[in-house]
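Okay, structure first, notes after.
The values are calculated or read from the model by the stated rules, or taken from the named source; none is laboratory data. Computed from a predicted structure; not experimentally measured. Quick reminder, even Gly has a Cβ in these numbers, built from the backbone with ideal geometry, and neighbours come from all protein chains shown. Areas reflect the complete protein model, heavy atoms only, side chains present, ligands, DNA and RNA absent. Shrake-Rupley method; radii C 1.70, N 1.55, O 1.52, S 1.80 Å.
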Amino acid sequence: MNIKAAIIGMGYIGVSHLEAIRRIGFADIVAVADTNYALAKKKAEEYSIAKCYESVDDLLADPEITVVHNCTPNYIHTEINKKILKAGKHLFTEKPLATSFAETRGLIELKESKPELVAAVNFNYRMNPLVQEMKSKIQRQEIGKPYLIHGSYLQDWLLYDTDYNWRLEPEISGPSRCIADIGSHWMDMAQHITDSKITEVCADLVTVIPIRKKPTSQVETFSLNKSAEYEEKEIVTEDYGAVMFKMENGVSGVFHVSEVSAGRGCFFNIEVDGSKASMYWNQESCDQLWMGFREDDNRLIMRNPNHISAKAGEYTYLAKGHPEGWNDAFRNNIYSVYTYIAEGKKLSSDTPDFATLEEAAYILKLTEAILESSKTRSWIKIKD
Ligand SMILES: NC(=O)c1ccc[n+]([C@@H]2O[C@H](COP(=O)([O-])OP(=O)(O)OC[C@H]3O[C@@H](n4cnc5c(N)ncnc54)[C@H](O)[C@@H]3O)[C@@H](O)[C@H]2O)c1
């Protein structure tokens, strides 16, 4: 089967999708679209993509396309995701799934009415081979009974008041910024590797920089703002968030996220402490897994396809000593979705490794509970 893919939204992450699709042996990228047509055209030419559409509707009317990646800003995810499913195409959407949990209901109902389609959400970090290895080690009880889970996701790209991007505007990004944008990845990973849900949260969210200088011209994601012309904007979403939580399996946890921590780019780390051992993984050194013991020497495991569990082995392909990184985990997530489609699997009967709409909707439920908790200064239980 040769999958024919298209991408809507050719900004920062759209290009990562494009390059990752090109690495899948049984897929072609046949079309792109962006409201910034000049950008879409430039990328289509640069990457020799045959078709470039000005509108989402025109792209979705193309019968050659079977899978559509939605790489647009958060506020428009639901509208475009619904159109993709209605057009009878498999859906691969960026996170957060929507800007509110309520929005996700209609999308999930629509998906349920189309069981022949596959829908996936890009929680790509879970597809690092050593993250899959952590999951396997927990399942095989190598660390004993998990007691605690903790970590952080820190960045510095919004450190200065002159840093600006659409993510700072709740009308585009949603009511949460740091938690929805990067905390969502952390929560997905915590739930994925433990096979358990976060059920209660207590949070403190802080807007460190309450007034920012918005450039009068557009600034690309993660690029430095060099504009001299700006207007002052009040910021209402969080630059920092700390969250304590409880999981349904009895594990207690805590994580914090920041977009204003100097020197941090993608400092995404997670530690699980069990009754026999601890495990620690950090995205910035993602080819290594640390294991800690009380009665034995601690170990630093370097990823080695010959000594990894069979499950994690599905997501590693380079020999030891050849580091696999962010791009590889990203490719693995797309590979997982495309393989699932190619094998004709159905979400109703086969639990996938990639994140489903339901899982991503639950992350939004958690995000909303975190916002409420910080506002009311109290623990919030997640309602069914
Ligand atoms: N999974 C990850 O690791 C990861 C990393 C970065 C971004 N993201 C997610 O990807 C999404 C996009 O983020 P980004 O940083 O690439 O943003 P971006 O601003 O760089 O790119 C978004 C693109 O979408 C286009 N666009 C906007 N509205 C559109 C519409 N209605 N139809 C077609 N195109 C439209 C814009 O012109 C722009 O080119 C966000 O939801 C973000 O959370 C995920």
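Summary table below
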item: 222 nm mean residue ellipticity, helices alone, for the chain (DSSP H n ≥ 4; -39,500 (n - 2.57); rounded to 500); result: -9000 deg cm²/dmol
item: The range 131-155 residues near the modelled Val254 label - backbone nitrogen below 17 Å, point 7 Å along Cα→Cβ; result: 147-154
item: The range 253-302: C-alpha gyration tensor shape, a/c 1.5 cut-off, then a/b vs b/c; result: oblate
item: Exceeding the 18 Å Cα-Cα cut-off - candidates Lys95/Lys383; Lys111/Lys345; Lys246/Lys365; Lys197/Lys345; result: Lys95/Lys383; Lys197/Lys345
item: Per residue accessible area of the range 1-118, 1.4 Å probe, in Å²; result: 42 Å²
item: Fraction of beta bridges assigned by DSSP in the chain that are antiparallel (%, nearest 5); result: 60 percent
item: Translational diffusion of the chain, µm² s⁻¹ [Kirkwood Rh, Cα pairs; Stokes-Einstein; 25 °C; 0.890 mPa s]; result: 114 µm²/s
item: His307-Asp57 FRET efficiency (beta carbon distance; Förster radius 41 Å; 0.05 resolution); result: 0.25
item: With every protein chain in place, the chain: carbon and sulfur % of accessible area (1.4 Å); result: 50 percent
item: Long-range Cα-Cα pairs in the range 3-124 (distance over 16 Å), rounded percent; result: 57 percent
item: In range of the label at Glu234: residues from the range 163-197 whose backbone nitrogen is under 14 Å from the point 7 Å along Cα→Cβ; result: 170
item: Sites Lys381 and Gln139, calculated FRET efficiency, Cβ-Cβ separation with R0 25 Å, nearest 0.05; result: 0.40
item: Heavy-atom accessible area order for Phe267, Phe245, largest first, 1.4 Å probe; result: Phe267, Phe245
item: Whether the range 58-122 is rounded, prolate or oblate, judged on the alpha carbon gyration tensor where a/c under 1.5 counts as rounded; result: oblate
item: Sites excluded, GluC sites (Glu not before Pro) in DSSP loops with at most 10 other C-beta within 10 Å, longest stretch of the chain; result: 1-115
item: Tensor-based shape of the range 264-384 (alpha-carbon gyration tensor, a/c under 1.5 rounded, otherwise prolate or oblate); result: oblate
item: Hits among aspartates and glutamates - C-alpha to C-alpha of Lys381 under 14 Å, sequence gap 8 or more where chains match; result: Glu200, Glu248, Glu368, Glu372
